[in-house]
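Working notes for the structure below.
Only the coordinates and a few stated rules stand behind these numbers; no lab work does. Predicted model, so just to flag it, every value in this text is computed and none were measured. Neighbour counts run over all protein chains shown; Cβ positions are idealised from the backbone, glycine included.
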Amino acid sequence: MINKTRGSDLQPFSGLTPEVVLDAAAAFGLAPDGRLFALNSYENRVYQLGAGEGQLVLKFYRPRRWTDAQIVEEHQFTAELAAAELAVAAPLAIGGETLLRYHEFRFAAFPWMRGRSPELDAPEARQILGRSVARLHQVGAVQPFAARPRIGIERLGWEARSQVLASELLPDALRERYVTVSGALLERVSEAFTAAAGVREIRLHGDCHLGNLLWNEHGPVFVDLDDCASGVRAQDLWMMLAGSPAEQQRQWGELLEGYRQFADFDFAEVRLIEPLRALRMLHHAAWVAHRWRDPAFPRAFPWAAEPRYWEGYLQDLLEQIAVIDEPPLLRQ
């Protein structure tokens, strides 16, 4: 049985005061001018340092989430993407190191990336995004990760399920139903991944949604590879789709029109899109439950403590089982 508080990181950033952030920057010669702005981030703590030209972003990593080797591998992958002339926030090397330490904290410094929120319904925006993701995947396919995790059923499915069952958030009255429904969903996901066993996995962004993108005059800017992982190419594409089945099919066609200018796409992966969505559903609930003792999470997700949330969530999982059982929505 999993201990309910193990890994929950009780107030992991309690000692990270603004003064400590500024002292950490000064210790590495980053010349803070005293202006510091907290940016939106739940898993890590992220700050904008300074204003105007030369401003930086400092990301303080959550303790015990990633090993040093996993963070360094994230940085190396980001550097490869930048070397391939992709617009990406790559960490600065200071004294030959990108993973910096100040007291008990690990952090990295990034250049401030200019851009606005993506508007994918603008003319040719999805084609441009498809080309950029394809270029990212071409770099990702050059060599495998050695330390980063894999996007698969064990970590995002079964481990996530165990975390929910270990959490006090899941109402006791719904526990048995959650066991049954999540188990049935994971059986469908397992069958889908078994059927697609020959599909190649590569290095991916891993969390390629609109919140991790900016847009400038040249196109998309990738700003956060904190969840980069090994997996199938479809993982970095399906989160860009929304709306009715007809709208998603149109969006898919536009994405692939751009994507296939730079990379091939194995259409066997289309059958993995709904299973991947199912894993994200399972993992997101587990993430909130597992981090609940971090004060940032009850403030951000207050509804997770309400039984009606879990009732609706179980209904969503049931509906996802039905979706997986249907023929794939998207076509070539």
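Which of these, SER117, SER167, SER244, has the largest mean-square fluctuation under a Gaussian network model of the chain (Cα springs below 10 Å)?
Result: SER244 has the largest fluctuation of those listed.
Counting other C-beta atoms within 10 Å, which of THR17, THR78, THR98 has the fewest, and how do the rest follow?
With the sparsest Cβ surroundings first, the list reads THR17, THR98, THR78.
If we count other beta carbons within 10 Å of each Cβ, what is the order of MET239, MET113, fewest first?
Arranged by neighbour count, lowest to highest, MET239, MET113 become MET113, MET239.
Taking Cα pairs under 8 Å and at least six residues apart, what relative contact order does the range 148-261 come out at, in percent?
Relative contact order for the range 148-261 comes out at 27 percent.
In what sequence do ASP325, ASP23, ASP226 fall when counting other Cβ within 10 Å, fewest first?
Listed from fewest to most nearby Cβ atoms, that is ASP325, ASP23, ASP226.
Could you tell me which trypsin sites (Lys or Arg not before Pro) in the range 213-277 are loop residues by DSSP with no more than 15 other beta carbons within 10 angstrom of their beta carbon?
Counting only loop positions with at most 15 other Cβ atoms within 10 Å, the trypsin sites (Lys or Arg not before Pro) in the range 213-277 are ARG260.
Report the relative contact order of the range 125-325, percent, no decimals, based on alpha-carbon pairs under 8 angstrom and at least 6 residues apart.
Contact order relative to length: 37 percent.
If you filter the range 29-133 for trypsin sites (Lys or Arg not before Pro), then keep DSSP loop positions with at most 13 other Cβ within 10 Å, what is left?
Loop-located and lightly packed - ARG35, ARG64, ARG114.
So, in Å, what gap is there between the alpha-carbon centers of the range 209-227 and the range 21-87?
Centre-to-centre distance over Cα atoms comes out at 15 Å.
Would you mind working out the magnitude of the charge dipole of the range 18-111 relative to its Cα centre, with +1 at each Lys and Arg C-beta and -1 at each Asp and Glu C-beta, to the nearest 20 Debye?
320 debye
Using a/c under 1.5 as the rounded threshold, could you call the chain rounded, prolate or oblate? The axes a ≥ b ≥ c are square roots of the C-alpha gyration tensor eigenvalues, and prolate needs a/b larger than b/c, oblate otherwise.
Here the chain falls in the oblate category.
Please list, in order along the range 254-268, the HN-Hα scalar couplings obtained from phi with the Karplus expression 6.51 cos²θ - 1.76 cosθ + 1.60 (θ = phi - 60°), rounded to whole Hz, x for Gly and Pro.
Listing the rounded values in order: 5, 4, 5, 4, x, 4, 6, 6, 10, 8, 7, 10, 7, 6, 5 Hz.
Can you give the extra length, in nm with one decimal, that the chain gains between SER41 and ALA242 once fully stretched, where that is 0.36 nm per residue apart less the Cα-Cα distance?
Extra length available between SER41 and ALA242 comes to 70.0 nm.
Rounded, prolate or oblate: which one fits the range 207-257, using the alpha carbon gyration tensor with axes a ≥ b ≥ c (rounded when a/c is under 1.5, else prolate when a/b beats b/c, else oblate)?
oblate
Which percent, to the nearest 5, of DSSP beta bridges fully inside the chain are antiparallel?
Among the beta bridges of the chain, antiparallel pairing accounts for roughly 95 percent.
Say each of ASP121 and GLU176 gets a label point 7 Å from the Cα, pointing the same way as Cα to Cβ; how far apart are those two points in nm?
Result for the modelled spin labels: 4.7 nm.
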